[in-house]
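FYI, it's all coordinate maths here, none of it is from the lab. The model shown is predicted, which means the values in this text are computed figures rather than measured ones. Cβ: placed from backbone, ideal geometry, glycine included. Neighbour counts: every protein chain shown.
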Amino acid sequence: MTVRIGVIGTGAIGRDHARRINQVLGGAKIVALSDVNRASAEAARKDFAPDAMIFETGEALIDSPGVDAVLVTSWGATHEQYVLAVIAAGKPCFCEKPLATTAEGGKRIVDAEVAHGKRLVQVGFMRRYDAGYIALKQAVDSKIGAPIMVHAAHRNPAVPEQYVTPMAIHDTMIHEIDVLRWLLDDDYVSARVLFPRSSTRSHARLRDPQIVILETAKGTIIDVEIFVNCHYGYDIQCQVVGEDGIANLPDPMAISLRLDAKKQSEILTDWKDRFLASYDVELQDFINAAAKGTASGPSSWDGYVAAITSDACVAAQESEGAAISINLPDRPSLYN
Ligand code: NAI
Ligand code: ISE
């Protein structure tokens with residue numbers, strides 16, 4: 001079976017996912033595109049999906065009988081409305097992070113999926129599919145003893161002018177929020193945020209860098225440095241300190257040079273390259289599950305928990321270093 005996929009939001013990642021579905025992966029085809037900026041959908045069709053129909057609205061795309069499954073890759077604030085519509089249509093849905101921009105929105109999606117009675121939604125937390133994180137999880141599960149601390153860093157070379165302090169949490173650190181829960185098989189109970197002096201590349205509405213400290217139910221303490229104007233590259237670091245040893249996330253493969261009296265190796269600068277292979281694997285997983293009318297991988301529940309945690313971290317940004325509690329509701333059995 002070829003899964004006929006529609007894409008809502010044909011910006012940077014929507015186009016990249018359309019490319020990988022039509023040119024790299026198997027079992028699916030992009031048949032429909034929609035974007036509030038029609039020119040963007042037309043450009044995506046020209047470059048990656050010449051046979052796709054363009055729909056004036058996301059809702060019309062979702063309801064089309066020619067579309068079996070939907071990718072939601074529009075701006076974060078629009079995800080909830082589309083994911084709810086896809087669930088109402090009973091179709092599998094891949095939604096880029098964030099699932100919803102508020103915890104209430106995440107809950108509405110979980111409630112709708114539970115009422116439907118079967119998983120339909122996969123959230124775009126691609127790090128769970130990254131070979132480095134999978135190897136790190138194997139070491140955490142079986143080699144270094146029980147985890148005690150995690151030191152992590154999420155560094156972007158630069159961000160656009162409209163990027164402001166809370167976005168460091170719900171746009172950027174949301175990846176650590178999800179992947180560290182999965183890595184440790186644990187949930188968060190509190191968050192604190194510390195701000196050193198801002199770097200000179202920051203501006204009035206962006207305090208950068210910052211350190212988020214999360215405590216888990218099992219008592220692990222996690223520090224995550226978020227530095228979105230670090231200038232030197234796109235750099236994702238993660239070190240887990242266990243009872244018996246330490247495990248580090250491997251850096252991406254890079255040629256090591258001895259040149260001009262220096263030892264050098266390249267650091268990537270773009271998230272698209274850093275997680276290239278993981279995006280391929282996550283979307284193939286989506287296609288395989290969609291062919292069976294369901295979804296696997298990171299769930300609506302994971303997206304909802306990430307939203308609850310993000311809200312707590314943003315509250316912690318505003319609380320002058322005080323800890324903010326994170327209280328999770330009971331997990332519906334659909335997500336066990
Ligand atoms: P973008 O700004 O390049 O593209 C978004 C597109 O959505 C634009 O073409 C815009 O016109 C369209 N759009 C906005 N509102 C719409 C609506 N109501 N209906 C239909 N189309 C609409 O943004 P980008 O970087 O592609 O990000 C999109 C989403 O993907 C965001 O939620 C972002 O957080 C997520 N993302 C995830 C990444 C990952 O590593 N998993 C990496 C980059 C982005
Ligand atoms: C972007 O939306 C992503 O998801 C990237 O992975 C992240 O590094 C970046 O900070 C976000 O803006």
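Which translational diffusion coefficient, to the nearest whole µm²/s, is obtained for the stretch 131-268 from the Stokes-Einstein equation, given a Kirkwood hydrodynamic radius over C-alpha pairs, 4 °C and 1.567 mPa s?
Using the Kirkwood radius from Cα pairs, D works out to 80 µm²/s.
Over the Cα atoms of the chain, what radius of gyration and what Dmax do you get, in Å?
20.1, 64
Among the GluC sites (Glu not before Pro) in the stretch 16-125, which ones are in a DSSP loop with at most 15 other Cβ atoms within 10 Å of the Cβ? Mind listing them?
Glu56
Averaging over all projection directions, find the projected area of the Cα convex hull of the stretch 59-144 and quote it in nm² with one decimal place.
Averaged projected area of the stretch 59-144's Cα convex hull equals 7.2 nm².
Which entries of Lys29/Lys91; Lys91/Lys137; Lys91/Lys218; Lys272/Lys292; Lys218/Lys292 show an alpha-carbon separation above 27 angstrom in the structure shown?
Lys91/Lys137; Lys91/Lys218; Lys272/Lys292; Lys218/Lys292, as the Cα separations exceed 27 Å there.
Looking only at Ala289, Ala103, Ala217, which one moves most when the chain is put into a Gaussian network model with springs between Cα atoms under 10 Å?
So, out of Ala289, Ala103, Ala217, the one fluctuating most is Ala217.
May I ask you to derive the FRET efficiency for Ala146 and Val36 from their Cβ-Cβ distance with R0 = 45 Å, giving the value to the nearest 0.05?
The computed FRET efficiency comes out at 0.40.
Restricting the calculation to Cα positions, tell me the Rg (one decimal) and the Dmax (whole number) of the stretch 79-212 in Å.
Computed over the Cα atoms of the stretch 79-212, radius of gyration and Dmax are 17.5, 51 Å.
If you put +1 on each Lys and Arg Cβ and -1 on each Asp and Glu Cβ, how big is the dipole of the stretch 131-268 around its Cα centre, in Debye rounded to 20?
So the dipole magnitude of the stretch 131-268 works out to roughly 460 debye.
Given a Förster distance of 30 angstrom, what is the FRET efficiency for Thr57 paired with Lys118, based on the Cβ-Cβ distance and rounded to 0.05?
0.70
Which whole-Hz ³J(HN,Hα) couplings does the stretch 200-207 yield from phi under the Karplus relation 6.51 cos²θ - 1.76 cosθ + 1.60, θ = phi - 60°, glycine and proline marked x?
Coupling constants for the stretch 200-207: 5, 7, 7, 8, 4, 9, 10, 8 Hz.
For a quick check: with amide H placed at 1.01 Å from N, whose amide H comes under 5 Å from Val7's, ignoring anything fewer than 5 positions away on the same chain?
Hits under the 5 Å cutoff: Ala32, Leu33, Ser34, Leu71.
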